[in-house]
1. Taking into account only those residues within the stretch 254-288 that are aliphatic (A, V, I, L, M) and assigned to a loop (DSSP other than H, G, I, E, B), which is nearest to G172 (Cα to Cα)?
2. Can you go through A186, A164 and tell me which one is of a type outside the set (D, E, K, R) and modelled with pLDDT of 95 or more?
3. Using the structure shown, decide if G159 is outside any strand (DSSP E or B), in contact (Cβ under 8 Å) with a residue 60 or more places away in the chain, in contact with an Asp or Glu (Cβ under 6 Å, 6 or more places away or on another chain) and not aliphatic (A, V, I, L, M).
4. Before we move on, is S210 among the polar types (S, T, N, Q), exposed (fewer than 14 other Cβ atoms within 10 Å of the Cβ), farther than 30 Å from T2 by Cα and free of Cβ contacts under 8 Å to residues at least 12 places away in the same chain?
5. Determine, yes or no, whether F234 is loosely packed, with under 15 Cβ neighbours inside 10 Å and either of a type outside the set (A, V, I, L, M) or more than 30 Å from A129 (Cβ to Cβ) (or both).
6. Among the residues of the stretch 25-80, which ones are in contact with a Gly (Cβ under 8 Å, 6 or more places away or on another chain), assigned to a loop (DSSP other than H, G, I, E, B) and not aliphatic (A, V, I, L, M)?
7. Of the residues V95, V82, V63, which is surrounded by 16 or more Cβ atoms within 10 Å (Cβ to Cβ) and touching a Phe, Trp or Tyr at 6+ places or on another chain (Cβ under 6 Å)?
8. Pick out the one residue from A90, A83 that is in contact (Cβ under 8 Å) with a residue 60 or more places away in the chain, over 24 Å from T252 (Cβ atoms) and small (G, A, S).
Amino acid sequence: MTILVTGATGTVGRHVVRQLARRGADIRALVRDPAKADLPTGVAVAQGDLLDVDAMRGALSGVSTLFLLNAVVPDEFTQALVALNLAREAGVARVVYLSVIHSDLFVNVPHFAGKYGVERMIEAMGFEATILRPAYFIDNDRTVTDVVLKHGVYPMPLGHKGLAMVDAGDIGEVAALELIRRERSAGPLLRLNVVGPDTLTGPDVAGIWSEALGRPIAYAGDDTAAFERSLRAFMPPWMAFDMRLMSERFRTDGMIPEPGDRERLTALLGRPLRAYRDFAAGVAASAG
């Protein structure tokens with residue numbers, strides 16, 4: 001019984017592979033460059049990507065369960081549908097898909113709408129599936145630690161509704177546990193929100209940084225147009241606009257867990273969920 005992990009070297013995928021390996025699963029990892037993969041011992045490697053039909057056919061051969069993770073790219077929806085159709089062709093019955101919380105609500109945000117379309121296809125195609133819907137990744141904020149440390153400003157426009165920010169390691173472990181459960185038993189489609197222990201606003205996060213660093217850190221505010229302009233310095237305009245639309249939904253809606261989400265995840269993991277404070281404390285310790 002083999003589990004194919006796509007996105008195996010990324011922010012979440014590397015945790016999925018590591019957690020599966022710890023539990024003795026038979027893993028095959030889809031990677032573009034095996035020489036740079038740095039995977040745990042015993043993990044089989046399949047070279048290719050989600051649009052390489054021949055490589056995907058080879059990667060899916062003999063696979064029982066697929067972990068489907070796509071990056072935010074212009075053809076994300078097409079990638080997912082190609083992978084799902086090839087999985088069905090190969091006789092794969094079970095899928096765990098990494099979507100996003102509120103994918104069905106943030107319908108104007110391109111990558112949210114795309115993931116919701118994939119969710120609908122998974123359901124329509126009859127897979128025995130778990131759809132994981134994580135909130136905003138705590139790990140995303142690694143990209144802004146220099147701004148926090150050097151300029152004393154937390155720049156992400158999270159708004160004042162609150163986001164249930166979640167650790168990528170927790171997402172990876174939840175995914176691994178669901179993949180193993182799917183391997184062992186059939187069952188109906190399940191949607192599972194994956195959230196962190198706290199629902200944090202922009203000022204809340206700035207306050208956490210202030211405590212961790214022992215000096216005031218200001219919240220930059222909710223100017224999403226300025227956010228888009230800053231992102232265009234290091235990402236394509238279409239992606240910067242997508243991120244702006246997402247941040248506007250943070251401002252109007254937030255990312256609020258449903259009742260029981262945190263308790264369900266804590267029971268599944270058998271430990272507390274990792275908090276943003278832990279992340280900030282680690283960065284502060286590393287910075288000296």
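1. Residue satisfying both the conditions and the ranking: L273.
2. Details: A186 fails: modelled with pLDDT of 95 or more.
Unique residue meeting the criteria: A164.
3. Values: outside any strand (DSSP E or B): yes; in contact (Cβ under 8 Å) with a residue 60 or more places away in the chain: yes; in contact with an Asp or Glu (Cβ under 6 Å, 6 or more places away or on another chain): yes; not aliphatic (A, V, I, L, M): yes.
For G159, the condition - outside any strand (DSSP E or B), in contact (Cβ under 8 Å) with a residue 60 or more places away in the chain, in contact with an Asp or Glu (Cβ under 6 Å, 6 or more places away or on another chain) and not aliphatic (A, V, I, L, M) - is met.
4. So S210 fails the test.
5. Details: loosely packed, with under 15 Cβ neighbours inside 10 Å: yes; either of a type outside the set (A, V, I, L, M) or more than 30 Å from A129 (Cβ to Cβ) (or both): yes.
Yes.
6. Across the stretch 25-80, the qualifying residues are R32, G48, N70.
7. Working: V82 fails: touching a Phe, Trp or Tyr at 6+ places or on another chain (Cβ under 6 Å); V63 fails: touching a Phe, Trp or Tyr at 6+ places or on another chain (Cβ under 6 Å).
So the residue among V95, V82, V63 that is surrounded by 16 or more Cβ atoms within 10 Å (Cβ to Cβ) and touching a Phe, Trp or Tyr at 6+ places or on another chain (Cβ under 6 Å) is V95.
8. A83
The values are calculated or read from the model by the stated rules, or taken from the named source; none is laboratory data. Owing to the predicted nature of the structure, the values given are computational and were not obtained by experimental measurement. So basically every Cβ, Gly included, is an ideal-geometry build from the backbone, and we count neighbours across all protein chains shown.
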